[in-house]
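Colleague: Structure in structure tokens, see below.
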Amino acid sequence: MTTSALNVRNLAKDYAGEKALKGVSFEVPRGALFGVIGADGAGKSSLLTILATLLDADSGEADVLGLNLKNDFKTLRQRIAFMPQRFSLYPDLSVAENLHFFADLYDFETAEKEKRMADLLRFSALEPFQKRRAGLLSGGMKQKLALCCCLLHSPSLIFLDEPTVGVDPVARRDFWKLLKSLKSQGITLVVSTPYMDEAKLCDTLLLLHQGYVLSQGSPEEMLAQYPYALHRIHGSKPLHFSARQTPPQGVALVYPAGGELRAATAKDVPDNDLWKQFPGAE
């Protein structure tokens, strides 16, 4: 058995002349929690959708769980799962009815199906809500339900495309606890995320930029490669900084983040000296 869950070689994808992926290559070991990061439009969703056999690459090759992505896609679909960012289950069905529907697609025996559903409801803490319509669930619960549907057929590899976008911080934390639990069971997880606190929970990160692989390594290695120190600046009231404003002296970059500011500076700039340059900072 190969030790790699994924071996990707020079994948490329073009949308009507717009190049989404430009020769992407990387490898993911089995049992890893692998993060894919990058700005909007970097190619994260295209990459995961291709590797989940839902979109054809224009060129390049990939082996997934030791199988060829292009030639063995039917077999692969029995062994992998894909969770899109957008909630794609049936909002008018209850939690249990959604699970029943997707379990029936895998042709489970009745007893096996009931046991698998009960296990997943306990695992996700959705058991008390199994009669609630999916459309009435909170954002975090919807994503837990989507994850449960992905897990019904016991996949060895799961692709998750920004699964916690729009979910509150507590629900995000709970969701990542579930991912950590799945990793401890030996399941390989490939997760794209826009959140750096989530990225730090991954074993290895792949940084995409405009379809290229910009960098790859552990979170610690990636941070060490960054040439600036990143400062969190806050005040008693929300702070604002327009993209048209010129950053203060010694500041390479400033951007807003939820009522706070993030500022990138040389690594030897003290916080106290920096905060004085932003009115309202405390």
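All of the numbers you see were taken from the coordinates with simple rules; none came from a lab. A quick note: this is a predicted structure, and the numbers were derived from the prediction, not measured. Here Cβ is always computed from backbone atoms with ideal geometry, including for glycine, and neighbour counts include all displayed protein chains.
Colleague: What angle, in degrees between 0 and 90 and rounded to the nearest 10, separates the Cα long axis of helix 169-184 from the longest principal axis of the Cα atoms of the chain?
Modeller: Computed tilt is about 50 degrees.
Colleague: If the limit is 32 Å between Cα atoms, which of LYS131/LYS200; LYS74/LYS183; LYS144/LYS267; LYS19/LYS177; LYS142/LYS183 go over it?
Modeller: With Cα atoms farther than 32 Å apart: LYS131/LYS200; LYS144/LYS267; LYS19/LYS177.
Colleague: What do the square roots of 5 times the Cα gyration tensor eigenvalues come to for segment 111-239, in whole Å, largest first, as semi-axes of the equivalent ellipsoid?
Modeller: 32, 20, 12
Colleague: Just to be sure I follow: if Rg is taken over the C-alpha atoms of segment 229-275 and Rh is the Kirkwood radius over the same atoms, what is Rg/Rh?
Modeller: Using only Cα positions, Rg/Rh for segment 229-275 is 0.93.
Colleague: Here is a further query. Once both labels are modelled 7 Å past Cα along the beta-carbon direction, what's the LEU55-SER215 spacing in nm?
Modeller: The two pseudo-label positions are separated by 2.5 nm.
Colleague: Rounded to the nearest Å, what's the spacing between the alpha carbon centres of segment 106-152 and segment 47-75? Just the number, please.
Modeller: 28
Colleague: Using only the alpha-carbon atoms, how far is helix 139-151 inclined from the longest principal axis of the chain? Give it as 0 to 90 degrees, nearest 10.
Modeller: 40
Colleague: I've got another one for you. Can you give the relative contact order of segment 197-259 as a percent, counting alpha carbon pairs under 8 Å and 6+ residues apart?
Modeller: 20
Colleague: Please compute the Kirkwood hydrodynamic radius over the chain, one decimal place, Å, based on all pairs of different Cα atoms.
Modeller: After inverting the pairwise mean of 1/r, the radius is 20.8 Å.
Colleague: Moving to a separate point now. Around ASN98, what is the net charge, scoring Lys/Arg as +1 and Asp/Glu as -1 over all other residues with Cβ under 12 Å from its Cβ?
Modeller: +2
Colleague: Let me know the shape class of segment 19-149, please: from the alpha-carbon gyration tensor, a ≥ b ≥ c as square roots of the eigenvalues, rounded when a/c is under 1.5, otherwise prolate if a/b is greater than b/c, or oblate.
Modeller: Judged from the Cα gyration tensor, segment 19-149 comes out prolate (a/c at least 1.5, a/b above b/c).
Colleague: Right, something else. Less than 22 Å apart at the alpha-carbon level, and either on another chain or at least 8 residues along: which lysines does that give for LYS22?
Modeller: Of all the lysines, those that pass the test against LYS22 - Cα under 22 Å, at least 8 places apart if same chain - are LYS13, LYS44, LYS70.
Colleague: Obtain the nm distance between the two label points defined at ASP273 and SER154 by a simple spin-label model: each point lies 7 Å from its Cα along the Cα-to-C-beta direction.
Modeller: In this crude spin-label approximation the distance works out to 6.0 nm.
Colleague: Here is a further query. Quick one: compute the contact order of segment 132-274, relative version, from alpha carbon pairs under 8 angstrom and 6+ residues apart, as a percent.
Modeller: 15
Colleague: Also: For segment 182-278, take the convex hull of the Cα atoms, compute a quarter of its surface area, and give me that in nm², please. Mind dumping the intermediate values first?
Modeller: Working: hull surface 33.5 nm².
The orientation-averaged projected area of the Cα hull of segment 182-278 comes to 8.4 nm².
Colleague: Okay, moving on. Helix 95-105 against the longest principal axis of the chain: what's the angle in degrees, Cα atoms only, rounded to the nearest 10?
Modeller: Compared with the principal axis, the helix lies near 60 degrees.
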